[in-house]
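Here the structure comes first, spelled out in structure tokens, and everything after it is commentary.
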Amino acid sequence: MDTQKSPYELIGGPQKVDELVDRFYDLMALEESFAELRAMHSPDLSNSREKLKLFLSGWLGGPDIYSPQYGHPRL
């Protein structure tokens, strides 16, 4: 049995993924150096935040909750 924890578990699960994504988008809105990146997004970031949270959950080794809703991310 493999007892190695996934990155998802190591960072603290869904609450920490949410905090990470929220901080990322908060910084994107606040930092001048991210203005070009921010301009590529819609004014309302709620959909972007939610999609990234779902994607990172699976990418970090947690539950795959992105693909059933949006399909394979085609990485």
(request) Filter the stretch 5-30 for residues that are β-branched (Val, Ile, Thr) and farther than 23 Å from His41 by Cβ and give the result. (result) Ile11
(request) Under 8 Å between Cβ atoms, at least 6 apart or on separate chains: pull out the pairs that start in the stretch 1-20 with a residue that is loosely packed, with under 14 Cβ neighbours inside 10 Å and end on any residue that is in a loop (DSSP other than H, G, I, E, B). (result) Ser6/Leu60; Ser6/Gly61; Ser6/Gly62; Pro7/Leu60; Pro7/Gly61; Glu9/Gly61; Glu9/Gly62
(message) Here's a check for you: in the stretch 59-75, which residue that is outside any helix (DSSP H, G or I) and farther than 21 Å from Glu9 by Cα is nearest to the chain's Cα centre (by Cα)?
(response) Pro73
(message) Would you confirm whether or not the stretch 43-53 contains a residue that is without any contact (Cβ under 8 Å) to a residue 12 or more places away in the chain, surrounded by 10 or more Cβ atoms within 10 Å (Cβ to Cβ) and closer than 22 Å to Tyr70 by Cβ?
(response) yes
(request) Output the residues belonging to the stretch 55-75 that are in contact with a Ser or Thr (Cβ under 9 Å, 6 or more places away or on another chain) and among the aliphatic types (A, V, I, L, M). (result) Leu60, Ile65
(request) Scan the stretch 41-58 for residues that are more than 18 Å from Leu10 (Cα to Cα), within 17 Å of the chain's Cα centre (by Cα) and not basic (Lys, Arg) and jot them down. (result) His41, Ser42, Asp44, Leu45, Ser46, Asn47, Ser48, Glu50, Leu52
(request) Kindly indicate whether Ser33 is without any contact (Cβ under 8 Å) to a residue 12 or more places away in the chain, among the polar types (S, T, N, Q) and exposed (fewer than 13 other Cβ atoms within 10 Å of the Cβ). (result) yes
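Rule-based calculations on the coordinates, nothing more; no lab input. Computed from a predicted structure; not experimentally measured. So basically every Cβ, Gly included, is an ideal-geometry build from the backbone, and we count neighbours across all protein chains shown.
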